[in-house]
1. Kindly identify segment 439-565 as rounded, prolate or oblate by the Cα gyration tensor criterion: order the square roots of the eigenvalues as a ≥ b ≥ c, call it rounded if a/c is under 1.5, otherwise compare a/b with b/c, prolate if a/b is larger, else oblate.
2. For segment 27-90, give the percent of accessible area contributed by carbon and sulfur heavy atoms, probe 1.4 Å, rounded to a whole number.
3. Measure off 7 Å from each Cα along the Cα-to-Cβ vector at Asp690 and Ile555, then give the distance between these two points in nanometres to one decimal.
4. Find how much the distance from Asn723 to Arg573 grows on full extension, using 0.36 nm per residue of separation minus their present alpha carbon separation; answer in nm with one decimal.
5. Assign one of three labels to segment 16-66, namely rounded, prolate or oblate, based on the Cα gyration tensor with a ≥ b ≥ c the square roots of its eigenvalues; rounded applies when a/c is under 1.5, prolate when it is not and a/b is larger than b/c, and oblate otherwise.
6. As a test question: what accessible area, to the nearest 10 Å², does Tyr813 have when a 1.4 Å probe is rolled over all protein chains in place?
7. Per residue, how much accessible area does segment 446-528 have with a 1.4 Å probe, in Å²?
8. So, with a 1.4 angstrom probe, what is the percent of accessible area on segment 603-649 that is carbon and sulfur?
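The values are calculated or read from the model by the stated rules, or taken from the named source; none is laboratory data. These numbers were taken from a predicted model, which means no experiment stands behind them. A quick note on method: Cβ atoms are made from the backbone with ideal geometry, for glycine too, and the neighbour counts reach across all protein chains shown. When the accessible area is computed, the model is the full protein with side chains, heavy atoms only, and any ligands, DNA or RNA have been set aside. Shrake-Rupley method; radii C 1.70, N 1.55, O 1.52, S 1.80 Å.
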Amino acid sequence: MLRLLRKVSLPQLSASWGRTALIVGGIATGVSLIVAIGIINTSVVRSIRRTIELIAGPAALEVVLGVGEVGFDQRAADIVRADPDVAAAIPLVRGTITLADDPAETLQLFGADFTAEEDLQRYPVVANTDRRELLQAIGDPRAILVTTVFARRHRLATGGAIRLSTPQGVSELTVRGLLETEGLAAAVGGQLAVMDLPAAQLLLGKEDRVDQVDVVLRDGADVNAVRRRLEDALPHVLTVAPPAQRAAQYDAVLASFQSMLSGISTLCLVAGMFLVYNATSTGAVHRAWTLASLRVLGADADAVFRLLILEALVLGAVGTALGVGAGIVLGRLLLPMVTDSMAINFQLRFHTHEMHLNARQLLVAAAVGISTAVGASWFAARRASRAHPIAALGADLGTMLSHRPPRRLVWWWVVLVAFSAIALLLQARFKSVSWGNVGATLWNASVVVIAIPIAQGLARALSGSLRVLSPVPGRIAAESLFRSTVRTGTTTAAIALALSVAITMSSLPYSFRESVRSYVAKFLSADLIVSAVATEGGWLESPIPESVATEISRIPGVRTVDFGRVLTGQPFRERRIGVLAASDGWLDPARLPKGWYREGDPDAAATAIRAGEAVDVSTTLADHHELHVGDRIELQTPTGNLSLPIAGVVPDYVSDHGTVILSRRIFVERWGDRSLSRITVFADSTVPLDELRRRITEHFHDRYRLKVLSVGEVVAYHDRMINRAFAFTDAIQLLIAIVTVCGIFDVLVSTILERRRELAVWRVIGADERVVRGSVVLAAGTIGALGVALGLAVGLVTALLWIKLNLRYLLGYDLEYHFPGRPMMLSVVLVALMTLAAGYVAARGATRQSILDGIRSE
């Protein structure tokens, strides 16, 4: 086998280097995506774990509410300190601030109790800063510490002033020390600022509240025993656990997004596998004469089969090796984009500063790549090895491909579709993202199976149409196309798969964008919308004080204002959901379009919510937890459990795992937070909006950094956020498109090579170059039209499955399906142009060859 590989296979693979490169490239593409997504998943999870560990410092336990994003009464620290085995209880508060003159430059602000030596240890200070002086200076409520890298970038020195935009407005602080860019500072990319706890609480609008309490134990203390005592002593809504447990909660938060990435890579692997199948099939046919000669010289069918499988194994290994290397590079390129996407989707601000490789994931990717190459080559190898050597030596390439497809292909398609439907039903039944990925993959794989029977069924009708359209070229094209419906069907399937993936990948951001656009336009129906310039991590702006809304309401030209507060870290049944606390006006059912309520009566729901006697829940939350009107929902708040009945079920996109909508009065009472996320302003009809916008901006002048936008501008803002969230899919789609285009080009050009003798004979009997070229382009156009029709049918269904089913369990959002007219047309035009271009190049090659060479080519 090795001798045959060296003497026979390698020279032929080198001679047909384009097809060989396509096989290797198809495998490398699939493997690179698997490796890249594995790297991204591992790197993001490890980065979050590392950040949480560094925040915890020497603490063995931490006290938090939920995942640590909902603050609670700081007196909990006193209860913790009272335990005899607790050496230190360190309260901590955190938030996001920005430079006043550059809101895009964000800092993660940590407020720490610097009277505790353990707390100071977690923030390494540069050597030239005296720690004793630092402890004295940090007590100043205007004092702040920043990292050396941040100070260098902004030309700051100890004693210098820095203007920052905070939830309480613009403040001028003094840099009292510099932090080494290591540990926690490195984990957040150097964007770290530290203040004394009371000063940070005041700046972040969290007076008397903390986000966590770190618990440092005495030597020899029993961690589990201390944990049990603290759980008994503290309010039951608080969690006492090792820092690693909170990291595990973030793993669950990100698991759905990682599953979406895996589902996309599976779609890409199906496309890559089909490219390999096409390339190996045409390659085996082109080498039929050589393989038949081996049989005549004494090699049996099994030996030829093993040789072809060995070739596939070698090419798969090469493609896998290249794919692993390309995947590492791709992972590095995509990591910032995916990190940004996760931040927007989950409202998390984190920095993935280094890339992590997982040996197990690399081995799995390698096994998948090699298995794909061997599996995709299996059928071509079996067919080529079973061909009778005498028949192969005497047949031309067209005859070799002209076998009739097995009738059972239709039944195989039915089986694949049935299993796909079952997998999707299991996804809905068990809320399983894995079943959803299986169902979508099987549906896409069914394209390959059904394309051949479709080509066979349409052969007669299309042959007649082509002859009517152009008698001589049409007849030549029909003979070429339908002599082998297997070849025509597989080429059609290749085009359909490329188009299906393109439609699906473009439909996701399109439907997301249109759903949010509709939601914002309906729910934020106001003249102007005011919010902070800075964001907490994703699309949601940083909170602003309640006093801003009060001041706006007094500006001449303002008729009325409404407002709401969005909290994205609310714990509910081990998940992280959103809370939307709305003012009475925001809850007015008259503002909502007809049919907005999926369950419940709008007027009754609004009355009950305003009275603090009920809540609305989003369709996502209701679907995930099987909640309905009349059920009670229990929320953990800083003041204890809050239990209220559900009055309505409505669409909402605040959080991926669902949202609870309640009265802001209840929120202030139970959460103790009076800040606002957005203020909607209704103008007096006598004042132009531009004038009112100017008045609001001038009124606050330099005290706050605010955005004052129209509804259209808010919609455009969300459009930009969604485009950022799905930017990485464009890169993946481009990679698939490049490889798929190469594969389709190879198949179309191969069909011309198979017909060299036939086309030469046509020219001998009088057909001119125009007729021959017309027949080739017509054949390519017909295949392209079939591929586009099948691709549209499959792609639209695939997009519908992903948007209405998969994304509900992958990302949690219950999106409206919006027909992707423009993106779809762009994809169709691209595929059509690519197919016609391949046909034109093949046609020029067919007419440029010598007639004598064409006649004796076989």
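1. On the way: a/c = 5.92, a/b = 3.51, b/c = 1.69.
Prolate is the answer for segment 439-565, as a/c is 1.5 or above and a/b outweighs b/c.
2. 52
3. 1.6
4. On the way: separation 150, 0.36 × 150 = 54.00 nm, distance 3.10 nm.
Answer, rounded to one decimal: 50.9 nm.
5. prolate
6. Accessible area, nearest 10 Å²: 10 Å².
7. Details: 2560 Å² over 83 residues.
For segment 446-528, the solvent-accessible area averages 31 Å² per residue.
8. Values: 780 of 1740 Å².
With neighbouring chains kept in place, the figure for segment 603-649 is 45 percent.
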